[in-house]
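Right, one structure below, let's go through it.
Bear in mind these aren't lab numbers, they're just calculated from the coordinates by the rules spelled out. This one's a predicted model, so the numbers in the text were calculated from it and none came from an experiment. So basically every Cβ, Gly included, is an ideal-geometry build from the backbone, and we count neighbours across all protein chains shown.
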Amino acid sequence: MSLLTTHLKISLSLLLFFSLGTSSSLYAEDGISANTIRIGGVLALKGNSKGLGIRMKAGIDAAFKGAKVKDRSVEYITRNDSYTPEQTITATKELIKEKVFVFAGNVGTPTAKVSLPLLAEQNIPAVGFFTGAGLLRSGKGAIINYRASYVQETAKVIKVALDNGVKANQICAYVQNDAYGMAGITGIIKALEQTKNSKQSIEALKKLKALTGENPKRNNIGPVGVYKRNSTFARKGYKSLKAWEKSQNTRCKIVVTVGSYKSITEFIAYSRYKKDPWIFSALSFTGAENFRDELVKFNVKNNVIMTQVVPLLDSTLPLVIEAKEKLGNQFGYVSLEGFIVGKLVLYALNKIEGDINRKRFMQALLDSSFSIQQLSLDYLDDNQGSDLVNMMIFKQGDWQIASRSDIWKK
């Protein structure tokens, strides 16, 4: 072999090495190609909770539509899990194999409970999941939350109740019998800890929360009725609350509900059929628009409170105005949250200098405070951007902003 031939081979090898190295540095991260950034999401797009997934997806799709990051379009690739953890595992593994960059907008607490470990194994960030559960707020893992926690939502409602003379043993709950429902119970416990004469309620709440397994027997233990996830059968949970009333020689003044819209509305309708004068509250996860439609269907007209973790729909914030324009008739509280999550993803991607990778994505958000179209977010102290909780009341067939006193006016 001549010296010239040897030099040519070495030169060609070096050229091939550097060209492959440059290409891999540009597009080595999963979900990043020359033209596209692929974001994954596992949501309830079928089943009793499909309204939540459909609206979250609509919001994120609207935020991504037409957006460009370093000349790349942003795609939202989704899978259905019907709000069922077993399906969540399968769907999550599918999207991991398809090499999405991050997961965003997943719906639910029991589903997050099984998906987060799978994402952690691959160092894939979880962004803006539609849940306020504490398991996403430990400060561990690559997790970015937009919304206020369930503890914050629950605390706001219970404080208003206590301020209006409701006693600790008159605060009851109807919850989903899983991690989501128990996240709500945690919120109730924390809200009652500084309240007089709350020891018996707190002990009962801790006892039922400590039970483990799939759908454990939590009825008839304390001021709580439970139902099985994806079920609308309300009678057992209702009877559990009546048993508490009898044992305490009291009546539930407010029932804090933690569940999905169909299940909660069936319970409210059954309680109204039984002529119980309870006031009901619901967390943002219940889904304002679908919940409203179900309440109207059952002719429920009053005594229902709901907390929201996004700005009011008539807000003049540029972000809300844009969401309204882009979403059209799909605009609502859940889709607005999806839109915010989509904008949060875009903000982080655009902030990255140099090649886009997951480490830089997380660095773009954590330990910083910023505004997205005048919506303020703060990640200086934790992985939750917003503490906003608005309280709404159901009047004249829709949600209206509630004052602290008008909820209790008869």
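A compact table of results
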{"quantity": "Qualifying positions in the stretch 288-342 - outside any helix (DSSP H, G or I), closer than 30 Å to ARG272 by Cα and not β-branched (Val, Ile, Thr)", "calculated": "PHE298, ASN299, LYS301, ASN302, ASN303, MET306, GLN308, LEU312, LEU313, GLY332"}
{"quantity": "Output for the stretch 264-287, where each listed residue is closer than 21 Å to ASN177 by Cα and in a helix (DSSP H, G or I)", "calculated": "ILE264, THR265, GLU266, PHE267, ILE268, ALA269, TYR270, SER271, SER284, PHE285, THR286"}
{"quantity": "Residues within the stretch 80-124 that are crowded, with 23+ Cβ neighbours inside 10 Å and among the hydroxyl-bearing types (Ser, Thr, Tyr), tallied", "calculated": "6"}
{"quantity": "Any chance ARG218 is crowded, with 18+ Cβ neighbours inside 10 Å, touching a residue at least 60 places away in the same chain (Cβ under 8 Å) and touching a helix residue (DSSP H, G or I) at 6+ places or on another chain (Cβ under 8 Å)", "calculated": "no"}
{"quantity": "Residue within the stretch 226-233 that is within 20 Å of GLY132 (Cα to Cα) and touching a Lys or Arg at 6+ places or on another chain (Cβ under 7 Å) present", "calculated": "yes"}
{"quantity": "Hey, ASN177 surrounded by 23 or more Cβ atoms within 10 Å (Cβ to Cβ) and more than 30 Å from TYR347 (Cβ to Cβ) or not", "calculated": "yes"}
{"quantity": "Segments classed as strands (runs of 3 or more DSSP E), wholly inside the stretch 343-403, with at least 1 members that are of a type in the set (Val, Ile, Thr) and more than 21 Å from GLU322 (Cα to Cα)", "calculated": "390-395, 398-401"}
{"quantity": "VAL151 being of a type in the set (Val, Ile, Thr), outside any loop (DSSP other than H, G, I, E, B) and under 28 Å from MET391 (Cβ atoms)", "calculated": "yes"}
{"quantity": "Total residues in the stretch 34-90, condition outside any helix (DSSP H, G or I) and within 25 Å of LEU349 (Cβ to Cβ)", "calculated": "26"}
{"quantity": "Residue within the stretch 191-199 that is assigned to a helix (DSSP H, G or I) and without any contact (Cβ under 8 Å) to a residue 12 or more places away in the chain present", "calculated": "yes"}
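Residue by residue, here is whether (1) closer than 26 Å to TYR180 by Cα; (2) in contact (Cβ under 8 Å) with a residue 60 or more places away in the chain; (3) over 18 Å from the mean Cα position of the chain (by Cα); (4) surrounded by fewer than 21 Cβ atoms within 10 Å (Cβ to Cβ) holds:
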{"residue": "ASN35", "(1), (2), (3), (4)": "no, no, yes, yes"}
{"residue": "LYS46", "(1), (2), (3), (4)": "yes, no, no, yes"}
{"residue": "MET56", "(1), (2), (3), (4)": "yes, yes, no, no"}
{"residue": "THR78", "(1), (2), (3), (4)": "yes, no, no, no"}
